[in-house]
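Data block below; observations after.
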Amino acid sequence: MALGLFKNKKSVSQLSLENITLPEHIGIIMDGNGRWAKKRGLPRSAGHRAGAKNFRTITKHCANIGIKYLTVYAFSTENWKRPESEVNALMDLFKSYLEEAIRDFKDEDIVVRFIGDKTAFSPELQALIRENEECSKDRTGMVLNIAMNYGGRDEIVKAAREIAKMVESGEISSDGITEQLISQHLYTADQPDPDLIIRPSGEYRISNFLLWQSAYAEYVILDDVLWPDFSKEMLEQCILEYARRNRRFGNV
Ligand code: IPE
Ligand code: IPE
Ligand code: MG
């Protein structure tokens, strides 16, 4: 397994999850399902199914090791550009997945939230989204944000519109627009910014994920691992790499 952007190969082995400060919030760009399927001569939809299965494994592991917030990128505002057959297969998968998730995450004490513009989904899918959020809202464990029809730019436009209305109505003046106010109008309001963002499949780009929130996130890109093959051990290695980074936030 080659790990891109791993800067501290030697010293990683001296660390363990027990003696580091865990990232409070992890973001994962679950990329590479299509290539995973292609390598096996399977349709892309089979890759998405394998990716959904792995999503459950990795989510539960994050909760088990004590991560407080996990945001997974499942479908971007740009993914509608894909062939209709692939989009339909993904929507069917989301539907069957969300039906199962209602009971699956119950024992894990996971709070399930959805970030993104839900209005684009079918009424049936929107009802399942609401049901998942509703039945998990009083749990106290890890917060899982599932980013579906999510785009960082779309999210900032939404915040700008809401804030513009506040100025128009005289509720605040333009001087009242602060970084904190903008953060409060994002889908992730009241949550800490991501500390660590992981992207398997070797693409060195952000693809419109958590644009505002990732200002000081640490990135770990895995060069030759596709999302369905991303394992619990790889997750832990990414966290150990994160722990070796020197985060300065602009300071010296
Ligand atoms: C990520 O895998 C899943 C979605 C974007 C919905 P891809 O489908 O992008 O897989 P690759 O990048 O084509 O291999
Ligand atoms: C990002 O992956 C979106 C998700 C993983 C849901 P893409 O496969 O859509 O990103 P690009 O097109 O390679 O940038
Ligand atoms: Mg991709």
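The values are calculated or read from the model by the stated rules, or taken from the named source; none is laboratory data. As the structure is a prediction and not an experimental result, all values here were calculated from the model. Glycine gets a Cβ as well: all are built from the backbone with ideal geometry, and neighbour counts include every protein chain shown. Note: accessible area is taken over every heavy atom of the protein model, side chains too, but ligands, DNA and RNA are not part of it. Shrake-Rupley method; radii C 1.70, N 1.55, O 1.52, S 1.80 Å.
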If unit charges are put on Cβ atoms (+1 for Lys and Arg, -1 for Asp and Glu) and the dipole of the chain is taken about its Cα centre, the option from His185, Tyr150, Ala46 lying farthest towards the positive end turns out to be Ala46
Diffing region 160-165: the Karplus 3J(HN,Hα) column from phi (6.51, -1.76, 1.60, θ = phi - 60°), in whole Hz with x for Gly and Pro, holds 4, 5, 4, 6, 4, 5
If R0 = 22 Å, then Leu17 and Asp107, at their Cβ-Cβ distance, give a FRET efficiency to the nearest 0.05 of 0.50
From the cross-link list Lys39/Lys68; Lys39/Lys118; Lys118/Lys232; Lys53/Lys81; Lys53/Lys118; Lys68/Lys232, the entries with a Cα-Cα span beyond 27 Å are Lys39/Lys68; Lys39/Lys118; Lys118/Lys232
Checked region 58-178 with the C-alpha gyration tensor, a ≥ b ≥ c its square-rooted eigenvalues, rounded below a/c of 1.5, otherwise prolate if a/b is larger than b/c and oblate if not; verdict oblate
If R0 = 41 Å, then Gln126 and Ser231, at their Cβ-Cβ distance, give a FRET efficiency to the nearest 0.05 of 0.80
Taking 40-46, 56-62, 200-206 and ranking on average Cβ neighbours within 10 Å, highest first, one gets 56-62, 200-206, 40-46
tail above 30 Å in the computed P(r) of the chain, as % of all Cα-Cα pairs, reads 28
With x for Gly and Pro, the residue-by-residue ³J(HN,Hα) of region 108-115, computed from phi through the Karplus equation 6.51 cos²θ - 1.76 cosθ + 1.60 at θ = phi - 60° and given in whole Hz, is 8, 6, 9, 8, 9, 10, 10, 10
Here, Lys95 and Gln184, labelled 7 Å along Cα→Cβ, have an inter-label distance in nm of 4.0
So for region 109-191, using the alpha carbon gyration tensor with a ≥ b ≥ c as root eigenvalues (a/c under 1.5 gives rounded; past that, a/b versus b/c decides prolate or oblate), I'd call it prolate
Output ordering of 47-54, 117-124 (per-residue mean of other Cβ within 10 Å, highest first) is 47-54, 117-124
Reported to the nearest 10 Å², Leu235 has, with a 1.4 Å probe, an accessible area equal to 0
Checked against the positive end of the charge dipole of the chain (+1 on Cβ of Lys and Arg, -1 on Cβ of Asp and Glu, about the Cα centre), the farthest of Ala101, Leu15, Trp212 is Leu15
